[in-house]
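For reference, the structure discussed in these notes is given below.
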Amino acid sequence: MATEWDYDKEDKRNQNGEYHTPSRSEYRLPEGLATDLRLSIDEAEEKMKQIGIERKTIQKEMKQLRNTSPKSFIEAVEATNTLSANELKLHGELQDRALKWLYNKGYIVANEVTLPNGKRADVMGYNEDGHIIIIIIEVKVSIADFRQDEKWESYLDCCDEFYFLPTIQARPVYYQNEFLGTGLLGETKNNLKIIEKHTLEHTVNERQKLHFLISKVLSKKYVYGYN
């Protein structure tokens with residue numbers, strides 16, 4: 001049922017009737033208003049189409065970015081579009097668990113520690129005996145990177161033990177590759193557990209400097225409130 005005011009139709013209908021259609025210009029406004037509304041609706045629909053196209057383009061770009069290989073969390077942050085908000089949140093939660101797990105084992109711990117070789121350790125700590133552990137966290141978006149990772153060996157000079165902490169989804173990749181001797185951590189209800197022990201034999205270089213770097217990160221966080 002049409003509800004739109006049509007001045008010409010109303011004027012014609014009233015020509016032979018008891019009533020007449022006023023000729024004043026304001027009585028023609030509804031027709032103009034209806035026309036303006038139709039134009040606005042058409043413009044809005046066109047904008048929605050453009051937004052839809054842009055959305056698909058962004059999704060395509062995000063998919064391509066997800067196929068990149070972030071070497072560590074902080075390097076991924078330098079290309080912030082690589083990780084989604086949920087993945088960043090998940091990484092942070094795993095990182096927090098790893099920090100608490102090491103701390104409860106008697107380690108002085110820090111996150112995002114820049115190593116002498118330029119790599120960054122997601123979580124790193126040393127205990128009273130100077131024993132150093134590095135934990136690298138692999139989130140779901142990094143499965144492809146995890147599968148092709150051949151650079152983990154560059155961390156070995158900086159720790160006595162090296163562990164991967166992947167999500168449950170990424171964990172099978174550990175067994176599909178030759179991460180021979182590296183440790184593997186998994187989540188429990190409220191903690192972490194060692195699934196595969198670190199068994200590699202290697203030498204730690206610049207042990208005292210590594211202790212200092214961990215302490216420096218902690219000091220910066222204490223003084224400035226961030227790493």
Computed about the Cα centre, the charge dipole of the stretch 85-224 from +1 Lys/Arg and -1 Asp/Glu charges at the Cβ has a magnitude in debye, to the nearest 20, of 540
With label points set 7 Å from each Cα along the Cα-to-Cβ direction at Ile41 and Ile168, the distance between them in nm comes to 4.9
Applied in sequence order to the stretch 115-122, the curve 6.51 cos²θ - 1.76 cosθ + 1.60 (Karplus, θ = phi - 60°) yields integer Hz couplings, x standing for Gly and Pro, of 8, x, 8, x, 6, 10, 8, 4
For the stretch 168-178, in residue order, the Karplus 3J(HN,Hα) values (coefficients 6.51, -1.76, 1.60; θ = phi - 60°; whole Hz; Gly and Pro = x) are 4, 5, 8, 4, x, 4, 4, 8, 8, 10, 8
Among Lys119/Lys216; Lys197/Lys221; Lys89/Lys193; Lys105/Lys216; Lys100/Lys193, the pairs whose Cα-Cα distance exceeds 19 Å are Lys197/Lys221; Lys89/Lys193; Lys105/Lys216
Exposure-ranked with fewest Cβ neighbours within 10 Å first, Met48, Met124 stand as Met48, Met124
Residues Ile214, Ile51 in order from fewest to most other beta-carbon atoms within 10 Å are Ile51, Ile214
Taking the dipole of the stretch 115-227 about the Cα centre (Lys, Arg +1; Asp, Glu -1; charges at Cβ), the one of Ile195, Phe212, Leu156 that reaches farthest to the positive side is Phe212
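No lab work stands behind these numbers, since they all come straight from the coordinates. None of the values given here were measured: they were computed from a predicted structure. All Cβ positions, even for glycine, are placed from backbone atoms using ideal geometry, and neighbour counts span all protein chains on display.
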